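Okay, structure first, notes after.
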Amino acid sequence: MTAAPLRVFVSTGEASGELLACDLIGAMRACGVAIDADGIGGERLESAGVRLSERTAGWASMGPLDAIGKIPKLLAAGTRTALSLRSHPRDLIVLIDFGAFNLRLARMIRAFGSATPILYYFPPGAWFDDPKRAKAVAQHCEPLTAFEHQRDFYQSLGLPIGYCGHPLVSTIAPRAPRPPAPPDGGTRRGCSKR
């Protein structure tokens, strides 16, 4: 008897998140896991075999003024998604980056009573340490980061976090070692101003 596929919901918000989601789903399938995936994303995610319930085209914004006009649309999409996930539970929910939307979505999912595990892959705030945001992520999700400094930050707050290393590292060929610095440290002496 064949096992039922793992029902996974994925939420991305921009191209980099979609790339990571496709990589993650591909890796899961390569391990022999049958995946039935749906979620929020764009063409790349759809071409990876994910059925889209919401399309993210036009969701990204540049600056606060641009973002303000998108808030009603994003709140409506988050509410529809959280209600759907409550009515039709999945085995796993994976949120990828896009903290302005996905952290709110995680709060809504929990507020509507879902107990489905939520993995926050590439949690928000990787480039700045924000204890409030880190605590919110850890409260609603299981965070999994690709960055050592983010792992160390969460751990310094006593928060759980998984660390996996960056998945794109294996796609970049190692570069040749650099030659040693010159004895003078690379400064040239004796140059005159012109």
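The values are calculated or read from the model by the stated rules, or taken from the named source; none is laboratory data. Not measured: the values here are computed from a predicted model. Neighbour counts run over all protein chains shown; Cβ positions are idealised from the backbone, glycine included. Side chains are part of the model used for accessible areas, which takes the heavy atoms of the whole protein and leaves out ligands, DNA and RNA. Shrake-Rupley method; radii C 1.70, N 1.55, O 1.52, S 1.80 Å.
Among the numbered conditions (1) at pLDDT below 95; (2) open to solvent by less than 70 Å² (accessible area, probe 1.4 Å), tell me where residue 193 comes up short.
Unmet for residue 193, out of (1) at pLDDT below 95; (2) open to solvent by less than 70 Å² (accessible area, probe 1.4 Å): (2).
Sort out which residues of the range 20-31 are in contact with a helix residue (DSSP H, G or I) (Cβ under 7 Å, 6 or more places away or on another chain) and in contact (Cβ under 8 Å) with a residue 40 or more places away in the chain, and write them in order of number.
Residues of the range 20-31 in contact with a helix residue (DSSP H, G or I) (Cβ under 7 Å, 6 or more places away or on another chain): 21-22.
Listed by number, the list holds a single entry, 21.
Residue by residue through the range 85-96, note down the ones that are more than 12 Å from residue 108 (Cβ to Cβ) and buried (at least 16 other Cβ atoms within 10 Å of the Cβ).
Hits for the range 85-96 are 90, 92, 94, 96.
Being touching an Asp or Glu at 6+ places or on another chain (Cβ under 8 Å) and either over 19 Å from residue 5 (Cβ atoms) or of a type outside the set (Ser, Thr, Tyr) (or both) is the filter here, so list the residues in the range 47-89 that pass it.
50, 51, 52, 56, 59, 60, 77, 80, 81
Restricting attention to the range 87-100, which residues are under 16 Å from the mean Cα position of the chain (by Cα) and at pLDDT 95 or above?
Hits for the range 87-100 are 92, 93, 94, 95, 96.
Does residue 9 satisfy being touching a Gly at 6+ places or on another chain (Cβ under 6 Å), closer than 27 Å to residue 147 by Cα and outside any helix (DSSP H, G or I)?
Values: touching a Gly at 6+ places or on another chain (Cβ under 6 Å): yes; closer than 27 Å to residue 147 by Cα: yes; outside any helix (DSSP H, G or I): yes.
In short, yes.
Looking at 82, 77, which is the one that is open to solvent by less than 40 Å² (accessible area, probe 1.4 Å), at pLDDT 95 or above, under 19 Å from residue 38 (Cβ atoms) and out of contact with any helix residue (DSSP H, G or I) (no Cβ under 7 Å at 6 or more places or on another chain)?
Of 82, 77, the one residue that is open to solvent by less than 40 Å² (accessible area, probe 1.4 Å), at pLDDT 95 or above, under 19 Å from residue 38 (Cβ atoms) and out of contact with any helix residue (DSSP H, G or I) (no Cβ under 7 Å at 6 or more places or on another chain) is 77.
Of the residues that sit in the range 116-130 and are modelled with pLDDT of 95 or more and over 14 Å from the mean Cα position of the chain (by Cα), which one is surrounded by the most Cβ atoms within 10 Å (Cβ to Cβ)?
For the range 116-130, the residue satisfying everything is 116.
Where residues in the range 131-187 are among the hydroxyl-bearing types (Ser, Thr, Tyr) and over 17 Å from the mean Cα position of the chain (by Cα), which of them is modelled with the lowest pLDDT?
First, the residues of the range 131-187 that are among the hydroxyl-bearing types (Ser, Thr, Tyr): 145, 154, 156, 163, 170-171, 187.
Keeping just the survivors that are over 17 Å from the mean Cα position of the chain (by Cα) gives 156, 170-171, 187.
On the way: 156: 96, 170: 74, 171: 75, 187: 71.
Filtering first and then ranking leaves 187.
Name, by its number, the condition in (1) under 25 Å from residue 136 (Cβ atoms); (2) open to solvent by 30 Å² or more (accessible area, probe 1.4 Å); (3) assigned to a loop (DSSP other than H, G, I, E, B) that does not hold for residue 59.
Every condition holds for residue 59 apart from (2).
Restricting attention to the range 32-72, which residues are without any contact (Cβ under 8 Å) to a residue 40 or more places away in the chain, among the hydrophobic types (A, V, I, L, M, F, W, C) and farther than 12 Å from residue 9 by Cα?
33, 34, 48, 57, 62, 65, 67, 68, 71
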